Amino acid sequence: MDAGAHERGGAEALRLDVSAGFRFPLLVLGFVSLAFGIAGGLARLSPLTVPGTAIALHGPLMVSAFFGSVISLERAAALGRPWAHAAPLSAGLGGLCLLAGFATAGFVLMVLAAAVFVLGGVAVMRRQPSLETATLLAGAAAWLAGNVMLLEGRAAVPWWIAFFALTIGGERLELSRYLKRAPWVRRSFAVLVGLLVIAPLEPRALGIVLVVLAAWLFAFDLARVTIRQDRLPRYVAACLLAGYFWLGVGGALMALATAYDAALHAVFLGFVFSMVFGHAPVILPAVLRVRFPYHPALYLPLALLHASLAVRVFVSAPLGAWGNAAAIALFIAVSLCLILVKGRG
């Protein structure tokens, strides 16, 4: 290698190292919104003193400030471009603006975060055009649409649901691409992607599409194979399959236009948080360059999450909500223990 090429390579490595050094603070920004978002959600159901903005803006804090930060941070790390980190930074700062009472500024920052996220999806799509990357790009566009709706005071939630369904569905399709499947299976997924792009216009139609997507994932996802393995692959598969169950439940409730709050939390808690629990041991090492060793203790918060969600949906919303919060807190505690103690062993 000539000296110029060596210098260019060193400069590129330095840029990546610098961007990696900012990832932990960006993650912390997202977790601030998570903490206040959970507190705001609990305050809606039981006596709890929290800032009024955390109660009124529970949804944006959880979806765009927390999940938006985490998902866009993982994508920025995978893309390897410093500019892509503007998405999690904007999402995290947007959450802080919401908490400080500057709602419009927060919403604008969330639109900016989603716009950068879309640009990242376009960059990946141009580099590697496929159904998988097209699905991820569609998910990014759905997040942008939802945040624009939020800024305009219109219904953002259906678009946010499409964002999660397309993003997780696209990632699972990519991870399952080496499975032998009939050509119609892939074509049917492409049809589902097309429907998810337009279904948010009609919530009941979106519910039907979510039920079909849950059935598709149950039938064709790699988790059906890895659940028969042991240790981390089995744990991840358990998270995924449980999440698909709740996606189907949430979709069915939406399609029936009943128990709307239960439907939303079946999707956002049962489906999305189950994916977070399952993918964290795989994603965090890549994003933060830390060891996250597997331990059976990870099943404890997973079991609590789904048991408390069942209570929330079918028995008592306040009681189940506290169980949901406890499950998330327990998962964070177990994860920190594994990273800080066993990860250094």
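The values are calculated or read from the model by the stated rules, or taken from the named source; none is laboratory data. Note that the structure is predicted; figures quoted are calculated from it, not measured. Methodologically, a virtual Cβ is constructed for each residue, glycine included, from the backbone with ideal geometry; neighbour enumeration extends over all protein chains shown. These area figures cover heavy atoms from the full protein model, side chains too; ligands, DNA and RNA do not enter into them. Shrake-Rupley method; radii C 1.70, N 1.55, O 1.52, S 1.80 Å.
Some points to look at:
- Single residue of the range 44-61 satisfying the filter (of a type in the set (A, V, I, L, M, F, W, C) and open to solvent by 20 Å² or more (accessible area, probe 1.4 Å)) that is farthest from Val313 (Cα to Cα): Val50
- Test: residue in the range 147-154 that is open to solvent by less than 10 Å² (accessible area, probe 1.4 Å), in a helix (DSSP H, G or I) and of a type outside the set (Val, Ile, Thr): yes
- Residues satisfying the criterion are present in the range 32-48 (criterion: among the hydroxyl-bearing types (Ser, Thr, Tyr) and at pLDDT 80 or above).
- Among the residues making up the range 77-98, those that are at negative phi, open to solvent by less than 40 Å² (accessible area, probe 1.4 Å) and over 18 Å from the mean Cα position of the chain (by Cα) are Cys97, Leu98.
- Residue count for the range 239-279 satisfying the condition of being in contact with a Pro (Cβ under 7 Å, 6 or more places away or on another chain) and open to solvent by 10 Å² or more (accessible area, probe 1.4 Å): 1.
- Yes/no for Leu304 being within 26 Å of Leu48 (Cβ to Cβ), modelled with pLDDT of 95 or more and surrounded by fewer than 16 Cβ atoms within 10 Å (Cβ to Cβ): no
- Residue match in the range 69-82 (condition: of a type in the set (A, V, I, L, M) and more than 24 Å from Leu284 (Cβ to Cβ)): no
- Members of the range 27-69 found to be over 27 Å from Ala140 (Cβ atoms), touching a residue at least 40 places away in the same chain (Cβ under 8 Å) and hydrophobic (A, V, I, L, M, F, W, C), listed by number: Leu42, Leu45
- Just one residue in the set Ala182, Ala257 is under 23 Å from Leu150 (Cα atoms) and either free of Cβ contacts under 8 Å to residues at least 24 places away in the same chain or of a type outside the set (D, E, K, R) (or both); that residue is Ala257.
- Cross-chain or 6+ apart pairs with Cβ under 6 Å, the range 143-167 first and more than 12 Å from Pro60 (Cα to Cα), then of a type in the set (S, T, N, Q) and open to solvent by less than 40 Å² (accessible area, probe 1.4 Å): Leu166/Thr135
- The residues of the range 99-116 that are in contact with a Ser or Thr (Cβ under 7 Å, 6 or more places away or on another chain), open to solvent by 40 Å² or more (accessible area, probe 1.4 Å) and either free of Cβ contacts under 8 Å to residues at least 12 places away in the same chain or within 13 Å of Ala140 (Cα to Cα) (or both) amount to a single one, Leu112.
Yes/no matrix, rows are residues, columns are (1) within 15 Å of the chain's Cα centre (by Cα); (2) under 17 Å from Phe107 (Cβ atoms); (3) of a type in the set (D, E, K, R):
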position: Gly121; (1), (2), (3): no, no, no
position: Val124; (1), (2), (3): no, no, no
position: Glu132; (1), (2), (3): no, no, yes
position: Gly146; (1), (2), (3): yes, yes, no
position: Glu152; (1), (2), (3): no, yes, yes
position: Arg172; (1), (2), (3): yes, no, yes
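- Scanning the range 219-238 for residues that are assigned to a helix (DSSP H, G or I) and either open to solvent by less than 10 Å² (accessible area, probe 1.4 Å) or not aliphatic (A, V, I, L, M) (or both) returns Phe220, Ala223, Arg224, Thr226, Arg231, Pro233, Arg234, Tyr235, Ala237.
For every residue, the table says whether it meets (1) open to solvent by less than 30 Å² (accessible area, probe 1.4 Å); (2) assigned to a helix (DSSP H, G or I); (3) at pLDDT below 95.
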site: Leu136; (1), (2), (3): yes, yes, no
site: Gly139; (1), (2), (3): yes, yes, no
site: Leu144; (1), (2), (3): no, yes, no
site: Phe163; (1), (2), (3): yes, yes, no
site: Leu166; (1), (2), (3): yes, yes, no
site: Gly169; (1), (2), (3): yes, yes, no
site: Glu174; (1), (2), (3): no, yes, yes
